[in-house]
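The values are calculated or read from the model by the stated rules, or taken from the named source; none is laboratory data. This is a predicted model, so every value here is computed, not measured. Backbone-built Cβ (ideal geometry, glycine too); neighbour counts: all protein chains shown.
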Amino acid sequence: MTRRNLIYLVAVLVLGGLAFWFIRNQGAGTIRKELSDFAIADTASITKVYLIDKGLHAATLTREADGWKVNGKFIARPDAVNYLLQTMHDLTVQSPVGKKARENVIKRLATGGTKVEIYVGDKLVKKYYVGDETMDNTGTYMLLADPETGENSTEPFVMEIKGFNGYLNSRYFTRESEWRDRTVFRYYAPNIRSVKFEQRKNPALGYIVSQGADGKTFGLTDIYGKPSVFDTIAVKQYLSYFNNIGFETIENGIKPATKDSIIRSGHSAMLTVTDDKGKVNQVKFYMKYGDQDPAFQNDTTGKTLNGKALDVDRLYATINNGQDFVVVQYFVFGKLMQTPDYFLPKK
């Protein structure tokens, strides 16, 4: 090998080594993967997600045999869980944070961001912080942390989902009540054995619908057990309404004095559903007045009861054996509160 060829060979090796180092560490102008690899390719392998915000509100989502649970107590909303998993899969970098803003963004993420931990089995595989949105509302500040050492990255990023024009922090909510499934009644009609509807101040408008174990025999009585004539098709249709009925919001945070006052006033109606395993699901409904809800006072429906403005769209209700106090909509629950005339044979 001539001296000139040797020089060329050494130069090629040196330049090749420099190019390899540059690509590995700087990506030829791209962002180092270990600093920006937020996305989870296989979300089906995720078994647990832990979220906690600056106010110490925390939610632990766990994948179990019968679906996702929140904090090990309640069924989690399938739509919200799927939305979060899809977000974790689709995360992409919009841009790095500029040098001038970097320190301030990191500080805000560390003190005010939502911490997210993602597990596969018992192993923590991803940890990052979700901050506020950018000024133009098209991206969200995020910061990765090493899942093994817990050490935070020094490079925050503006993250986005391609094709979505908006911010992402609203998908990482932490309150248990927001993650909880809102279903009150979810029955396959043949599995219902009876439905009892009662109106406290007008018992004559109450009734009991029953169904035999064979799913072919039906009955209708008043609340005292007196048989009534009925149209079988109407009874079957009524039972089918209990398939997917949910509440609007949980009101467990309402002032205790207000809640006690509402409950002491007595329920206006009650639904009791018994399934084929003998399990009873009872819901009590309470009138909702403007003075109980400050947000409603500006809503002038013009309808009053006992001299007080009445919310004509919503009711309060107790569910889960009285453990939870919720708001429900007439639009959703009204079809379950039929009058006895609904079941009369059609002429």
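Can you name every residue in the stretch 197-216 that is touching a strand residue (DSSP E or B) at 6+ places or on another chain (Cβ under 8 Å), over 15 Å from residue 276 (Cα atoms) and either among the charged types (D, E, K, R) or part of a strand (DSSP E or B) (or both)?
Narrowing the stretch 197-216 to residues touching a strand residue (DSSP E or B) at 6+ places or on another chain (Cβ under 8 Å): 197-200, 205-213.
Filter once more, keeping what is over 15 Å from residue 276 (Cα atoms): 197-200, 205-208.
Correct list: 197, 198, 199, 200, 207, 208.
Of all residues being assigned to a strand (DSSP E or B) and in contact with a helix residue (DSSP H, G or I) (Cβ under 8 Å, 6 or more places away or on another chain) in the stretch 250-273, which is modelled with the lowest pLDDT? Just the residue, please. Even if it seems obvious, please write down each step before you answer.
Residues of the stretch 250-273 that are assigned to a strand (DSSP E or B), as a first pass: 250, 269-273.
Adding the requirement that they be in contact with a helix residue (DSSP H, G or I) (Cβ under 8 Å, 6 or more places away or on another chain) leaves 250, 271.
Working: 250: 90, 271: 98.
Per the stated criteria, the residue is 250.
If you go through the stretch 278-295, how many residues are modelled with pLDDT under 95 and more than 24 Å from the chain's Cα centre (by Cα)?
Residues of the stretch 278-295 that are modelled with pLDDT under 95, as a first pass: 287-295.
Applying the additional criterion that residues be more than 24 Å from the chain's Cα centre (by Cα) yields 287-292, 294.
Final tally of qualifying residues: 7.
Of the conditions (1) exposed (fewer than 14 other Cβ atoms within 10 Å of the Cβ); (2) touching a residue at least 60 places away in the same chain (Cβ under 8 Å); (3) under 18 Å from residue 197 (Cβ atoms), residue 230 clears all except one; give me its number.
Here residue 230 meets the rest and fails (1).
Yes/no matrix, rows are residues, columns are (1) part of a helix (DSSP H, G or I); (2) within 18 Å of residue 89 (Cα to Cα):
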| position | (1), (2) |
| --- | --- |
| 104 | yes, no |
| 109 | yes, no |
| 119 | no, yes |
| 137 | no, no |
| 144 | no, yes |
| 166 | no, yes |
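Of all residues in the stretch 118-167, how many are closer than 16 Å to residue 52 by Cα and either in contact with a helix residue (DSSP H, G or I) (Cβ under 6 Å, 6 or more places away or on another chain) or of a type in the set (D, E, K, R) (or both)?
So the answer is 7.
Find the residue count for the stretch 111-131, including only residues that are exposed (fewer than 14 other Cβ atoms within 10 Å of the Cβ) and farther than 23 Å from residue 42 by Cβ.
Residues flagged as exposed (fewer than 14 other Cβ atoms within 10 Å of the Cβ) and farther than 23 Å from residue 42 by Cβ within the stretch 111-131 amount to 2.
Of the conditions (1) crowded, with 19+ Cβ neighbours inside 10 Å; (2) over 30 Å from residue 343 (Cα atoms), residue 165 clears all except one; give me its number.
Every listed condition holds for residue 165 apart from (1).
So in the stretch 71-91, with the set limited to residues that are in contact (Cβ under 8 Å) with a residue 40 or more places away in the chain, surrounded by fewer than 19 Cβ atoms within 10 Å (Cβ to Cβ) and out of contact with any helix residue (DSSP H, G or I) (no Cβ under 9 Å at 6 or more places or on another chain), which one is farthest from residue 57 (Cα to Cα)?
90
Look through 132, 181 and report the one residue that is more than 24 Å from residue 110 (Cβ to Cβ), of a type in the set (Asp, Glu) and in contact (Cβ under 8 Å) with a residue 24 or more places away in the chain.
Details: 132 fails: more than 24 Å from residue 110 (Cβ to Cβ).
After ruling out the rest, the residue left standing is 181.
Which residues, taken from the stretch 146-164, are assigned to a strand (DSSP E or B) and farther than 15 Å from residue 116 by Cα?
Start the filter on the stretch 146-164 by keeping residues that are assigned to a strand (DSSP E or B), which leaves 152, 157-161.
Residues satisfying the conditions are 157, 158, 160, 161.
Cβ-Cβ under 6 Å, sequence separation 6+ or interchain: first residue in the stretch 210-226 and touching a residue at least 60 places away in the same chain (Cβ under 8 Å), partner hydrophobic (A, V, I, L, M, F, W, C) and part of a strand (DSSP E or B). Which pairs?
Short answer, once both residue conditions are applied: 220/209.
Exactly one condition in (1) in a helix (DSSP H, G or I); (2) closer than 18 Å to residue 323 by Cβ is false for residue 239; which is it?
If we test residue 239 against (1) in a helix (DSSP H, G or I); (2) closer than 18 Å to residue 323 by Cβ, just (2) comes out false.
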